[in-house]
1. What is the antiparallel percent of DSSP beta bridges lying wholly in the chain, to the nearest 5?
2. Given the options PHE41, ASN86, TYR163, identify the residue whose Cα lies farthest towards the positive end of the charge dipole of the chain (+1 on Cβ of Lys, Arg; -1 on Cβ of Asp, Glu).
3. Using mean Cβ contacts within 10 Å as the protection proxy, how do 38-44, 329-335 order, highest first?
4. Is the chain rounded, prolate or oblate when judged by the Cα gyration tensor, a ≥ b ≥ c being the square roots of its eigenvalues, rounded requiring a/c under 1.5 and prolate requiring a/b larger than b/c?
5. List every residue whose amide H lies under 5 Å from the amide H of LYS322, counting only residues 5 or more places away in sequence or on a different chain, with H placed 1.01 Å from N in the peptide plane.
6. So if we plug the beta-carbon distance of GLN192 and MET141 into 1/(1 + (r/R0)^6) with R0 = 45 Å, what FRET efficiency do we get, rounded to 0.05?
7. Quote the charge dipole size of segment 196-372 about the Cα centre in Debye, to the nearest 20; the model charges only the Cβ of Lys and Arg (+1) and of Asp and Glu (-1).
8. For VAL273, list long-range residues whose amide hydrogen, built 1.01 Å from N in the peptide plane, is under 5 Å from its own amide hydrogen.
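Any read-out appearing in this document is the output of simple, stated calculations on the displayed coordinates, not a laboratory observation. Nothing here was measured: the structure is a model prediction, and the numbers come from that model. Every residue, glycine among them, receives a Cβ derived from its backbone with ideal geometry; neighbour counts consider all protein chains shown.
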Amino acid sequence: MKTLAYVYDARCYKYQDDIFGVFDVTVWDRFLDGFDEIIVFASIYKSDIDTIKKLNLNKLNHPKVEYVHVPFIDTPKRLIKNFFINNSVFKKEFCRVDAVVIRVPGQYCNNAFHVAKKMNLKVGLEVVGCPFDAFWNYGNMQGKILALVYFYWMKHIVKHSDYVLYVTKHFLQKRYPTKSKHTINASNVDVQVSNKEKVINHRLSTLENNIRNKKITLGLIGSFGVRYKGHEEILKAVSTLDERKYIYIEMIGGGDYKWVEKLAKSLNIENNVKILGKLKSGDQVLNWLNKIDIYIHPSKQEGLPRSVIEAMSQACPVLASKIAGIPELLDNNYLHKTGDFKHLSLQISRIIFNSVELEKMINANFKTALAYDRSILSTKRKKFWLDFSENL
């Protein structure tokens, strides 16, 4: 019997005997062809049912999956305090496993990697983002120092791991190269691509009606708990437009959004902005994407963004920042430099009532999304991790 340790610095929540989180329990299927059980290392907090419902979390219980708590690291003080605690957790629990897979970047992934290597365990990675961009754009000097620290930590981890799965085609591979001969690119985002004719016709019909009525809705997905997801850029971009009276912005995501409301008010567009809070991944998000007209993603930190691919799978026009793996998805005409809200404003103005260009974007985006169909990526991931298990 083979047991896998999976290290992922997600925040999970425990209510009675159940574990809840933002991801879906089906993510473990990719490993279970090669492993009989999985021990997941995450930060687990006791919660109540009202909080679970408010956060729109998914139940993560699985007969072949066990969850182990690892203290979260989100400040320099906790980094020092929890370093030894986390090391002791990994040393104890890794005695029960045959291999380790780590999702990077992460706050305690460095600990897990070095403990696994000292115990001569094979290490596989899921490389899903760039810590340098995340910390550098956090907004203070402490963030910039941490950006350099985590950047070099991650370069070391990726370089010396045994199996490496990248979610991008080029960007993360170039920034974080590996010595391993066992690598693939497979997005951590997969979508169920629907009937092409139905999806595109619905999008064209809705857009045509909204253009005629001069009411265009822009959408953005991103946590309000961080300042690098582009909330500021979309608000500033719309506030400078002559057409702003025809434009409405809807935002979804968790966290405290008061700062966004305050910014919208200071820009005199508070009546144009609607904050919907957190929606559950899957049908809730996809249904919302079908109601908006254009998806905007001015993020300053990414790997390969789920929200952009999901929007494209619904044939939604997309404007986004030119960062990480996003240029692998969109034509350069629909990209802007991070933080450049003036360029974003010009792009919005150019396309919002341009039916010909919008139709071009709709068709191109849906075609790109086909490469991220669930059936294709699921098979690719399963084969990779099965090979990992067979070569222990």
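1. Numbers: 6 of 56 bridges.
Antiparallel bridges: around 10 percent, rounded to the nearest 5.
2. Positive-most Cα among the choices belongs to ASN86.
3. On the way: 38-44: 21.9, 329-335: 17.0.
The most tightly packed comes first, giving 38-44, 329-335.
4. On the way: a/c = 1.83, a/b = 1.62, b/c = 1.13.
Prolate is the answer for the chain, as a/c is 1.5 or above and a/b outweighs b/c.
5. HIS336, LYS337, THR338
6. Values: r = 44 Å, r/R0 = 0.98.
According to the calculation, E is roughly 0.55.
7. On the way: 26 positive and 19 negative charges, 55 e Å.
In debye, rounded to 20, segment 196-372 gives about 260.
8. Correct list: ILE249.
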